[in-house]
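Trainee: Mind having a look at this structure? Questions to follow.
The values are calculated or read from the model by the stated rules, or taken from the named source; none is laboratory data. None of the values given here were measured: they were computed from a predicted structure. In this analysis, Cβ positions are derived from the backbone assuming ideal geometry, glycine residues included, and neighbour counts consider all displayed protein chains. All accessible areas refer to the heavy atoms of the entire protein, side chains included, with ligands and DNA or RNA removed. Shrake-Rupley method; radii C 1.70, N 1.55, O 1.52, S 1.80 Å.
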Amino acid sequence: MALSALQAQNSITVSDVTVQEGQSAVISVELNNETVFSAFQMDLKLPAGFEVATTVNEDDEEVLDIALNDARKKSTHSLSYNVLDDGTIRIAAFSTQNATFRGTSGEIVCVRVVATGTAVAGNHKAKLSKVLFTT
C-alpha cells in the first residue's frame with residue numbers, strides 16, 4: 001500500500017470592491033475547489049482603515065455582518081466567527097451532520113466592510129490565511 005499526496009487545483013480569493021469613506025460594500029470570499037467539502041475555517045485580515053460592518057440579528061443583538069452564501073450552504077451548516085486580538089477575523093462554518101456545501105466553486109461567504117475615517121485613498125488588499133477545508 002502506498003500513500004501519496006492529494007494533488008488538486010484549488011484557489012480562494014477575495015472579490016474587488018470600491019468603497020468611499022463612511023460607506024460599506026460587500027466583499028465575497030470565493031472558492032474554486034476540485035472536491036466537495038463540509039467545513040472550512042479561514043482568517044481574514046482587513047487593511048488599516050477598514051472594518052466589518054455590523055447588523056442586528058433576530059435576537060436584537062448587534063453582530064458582525066458576515067454570512068454564508070445561502071445558495072451554497074445546507075440547512076445544517078452553522079457559521080461562527082471571532083475577532084482576534086490583532087483585528088483578524090477568524091471565520092468558520094461546519095455541519096454537525098457532515099453535509100457538504102453545494103457545488104465546488106463560487107462565493108462561499110460574504111462580509112460587509114466599511115471604510116472608516118482613518119482609511120487612506122488607494123488600493124488595499126485583504127489577507128486570507130490559515131485556510132482549512134475538510135469533509
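Trainee: Given (1) under 17 Å from SER129 (Cβ atoms); (2) open to solvent by 70 Å² or more (accessible area, probe 1.4 Å); (3) within 14 Å of the chain's Cα centre (by Cα), where does MET42 come up short, assuming only one miss?
Mentor: (2)
Trainee: With a cut-off of at least 1 residues that are among the hydrophobic types (A, V, I, L, M, F, W, C) and surrounded by 15 or more Cβ atoms within 10 Å (Cβ to Cβ), name the strands (runs of 3 or more DSSP E) lying wholly within the stretch 62-119.
Mentor: Counting at least 1 such residues, we get 62-64, 66-68, 89-95, 105-115.
Trainee: Okay, next question. Kindly provide the set of residues from the stretch 84-135 that are closer than 16 Å to SER28 by Cα and among the hydroxyl-bearing types (Ser, Thr, Tyr), ordered by number.
Mentor: Within the stretch 84-135, THR104, SER105, SER129 qualify.
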